[in-house]
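Read the figures in this text as sums done on the coordinates, not as results from a lab. This one's a predicted model, so the numbers in the text were calculated from it and none came from an experiment. Here the Cβ positions follow ideal geometry from the backbone for every residue, glycine too, while neighbour counts run over all protein chains shown.
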Amino acid sequence: MAALLNHTDQSFLKWSKEGMYWTPTPRGPKCLICPNECVIQEGRSGRCRNRINYQGKIYSVAYGNPCAVHIDPIEKKPLNHFLPGSKAFSIGTAGCNLACKNCQNWTISQVSPMETRNYDLMPDQLVGQALAARCKSIAYTYTEPVSYYEYTFDSARLARQEGIKNVLVTAGYINDEPLRNWCKYIDAARVDLKSFSNDIYKKLSAGALQPVLNTLKTFAELGVWLEIINLVVPGWTDNPDLIQRMCGWLAENGLAGYPLHFDRFHPDYKLSQLPPTPVETLTKAREIALTSGIQYVYIGNVPGLDAQNTICPRCRETLIERRGFTVVRNNLAKGTCKKCGEKIPGVWE
């Protein structure tokens, strides 16, 4: 594992790279990575805290300096139809282009890379360590890879050359051109679809719904394996009508074959006063999704439920049995049900 670096005595330029998507304006350079499209004044940062204006150009100061580096089971992302039982070399830098009230990683997502203790891990070193650890994938996770786009892009390109797959754990709040360029090197994405209400998106996460819907369709269009998370937050995203509308939209837009995960909310950050999501609410959400035609629906953050297992939609055989983040039984044969031969969508080898 890379040695820790306390960069307070280092020049930030060592950990920076000029942004790939920006344009000059009379008021300063405008970042074009995400829908925030921040116009950044000299010496200041955008809303994500890791894109700054330095001498009239936008630089990412989250390049080669992750604050979180771990080896995780791929099920922890969670991805249930992507190389089950494999390990992902997982990294994240400080900063995020959203500001979710319920963020579990707010101590690193809502600060700048210049405020955290970081690892020295440039893209070539990252790929080398993933190879040495025999990880099948690198996951860009913990915060928001959109905000450390250049680091993710360069690392993913090198990883692809070495036969390592690339996984995004993202809220999908990104503009179309950088997304399509990203997808050249991305194998799988787990996307947080935080609500099916634009008003709730704005109040809960300081974002908007439509760009995320566009991202989902683009991932599917470009052949990136996709799994969708909906965190069910009491009083915010647990409305059955909204869940019904969300599931109907997914089915109508050709996304019914991709896994949908309903995750249990646990009190944290600015929503610590709320209770955890009742299991009955999650079960009801799952029923709505299945009735809407979503084929693979999971419940997360609730240990011991059968709704963590992968079930054949034709014969109802249990194909992959899980206990937490561990696969305890896998009855798939080259992506098909051993019992009835049904082809199960996913990336299995």
Once amide H atoms are placed 1.01 Å from N in the peptide plane, what residues at a sequence separation of 5 or more from W225, or on another chain, have their amide H within under 5 Å of its amide H? A188, A189
Taking R0 as 56 Å and r as the Cβ-Cβ distance between T25 and R314, the FRET efficiency 1/(1 + (r/R0)^6), rounded to the nearest 0.05, comes to 0.50
Relative contact order for the stretch 9-60 using alpha-carbon pairs under 8 Å, separation at least 6, rounded to a whole percent? 32 percent
Projected label distance in nm at R323 and Q41, using a 7 Å step from Cα toward the beta-carbon: 5.8 nm
Take the Cα radius of gyration of the stretch 8-81 and divide it by 2.2 N^0.38 Å, with N its residue count; two decimals is plenty. 1.37
Given S109, P26, L13, which one lies farthest toward the positive end of the charge dipole of the stretch 1-134, if we put +1 on the Cβ of every Lys and Arg and -1 on the Cβ of every Asp and Glu? P26
DSSP bridge pairs, the chain: antiparallel proportion in percent, nearest 5: 50 percent
Step through the residues of the stretch 313-327 one at a time and calculate ³J(HN,Hα) from phi using the Karplus curve (6.51 cos²θ - 1.76 cosθ + 1.60, θ = phi - 60°), rounding each to whole Hz and writing x for Gly and Pro. x, 8, 9, 6, 5, 6, 8, 10, 9, 10, 10, x, 9, 10, 7
Pull out the extension gain between K184 and Y269, defined as 0.36 nm times the separation in residues minus the alpha carbon to alpha carbon distance; nm, one decimal. 27.1 nm
Pull out a ≥ b ≥ c, the square roots of the eigenvalues of the alpha-carbon gyration tensor of the stretch 87-219, then state rounded if a/c is under 1.5, prolate if not and a/b is larger than b/c, and oblate in the remaining case. oblate
In what sequence, highest mean first, do 261-271, 133-143, 42-52, 321-331 appear when ranked by Cβ atoms within 10 angstrom? 133-143, 42-52, 261-271, 321-331
Mind checking the full-extension length gain between K57 and K334? Use 0.36 nm per residue of separation minus the Cα-Cα distance, one decimal, nm. 94.8 nm
Students often get this wrong, so try it: which of (i) 23; (ii) 55; (iii) 33 is percent of Cα pairs over 34 Å apart as calculated from the structure shown? (i)
State whether the stretch 18-61 is rounded, prolate or oblate according to the following rule on the C-alpha gyration tensor (a ≥ b ≥ c being the square roots of its eigenvalues): a/c under 1.5 gives rounded; otherwise a/b larger than b/c gives prolate, and the remaining case gives oblate. rounded
Using packing as a proxy for protection, rank 228-236, 274-282 so that the peptide with the highest average count of other Cβ atoms within 10 Å comes first. 228-236, 274-282
Debye sum, Cα scatterers, the stretch 158-268, no solvent: what log₁₀ I/I(0) at q = 0.17, 0.24 1/Å? -0.82, -1.43
Suppose each label sits 7 Å from its Cα in the direction of the beta carbon; what would the D199-N253 distance come out to in nanometres? 2.1 nm
Want the number for I71 to Q104: 0.36 nm per residue separation, take away the alpha-carbon distance, what's left? 10.0 nm
For the stretch 1-142, treating each Cα as an identical point scatterer without solvent, what Debye log10 I(q)/I(0) comes out at q = 0.10, 0.11, 0.14 1/Å? -0.38, -0.46, -0.72
Which residues' amide hydrogens lie under 5 Å from the amide hydrogen of G300, considering only partners 5 or more residues apart or on another chain, with H built in the peptide plane? F262, D263, R264
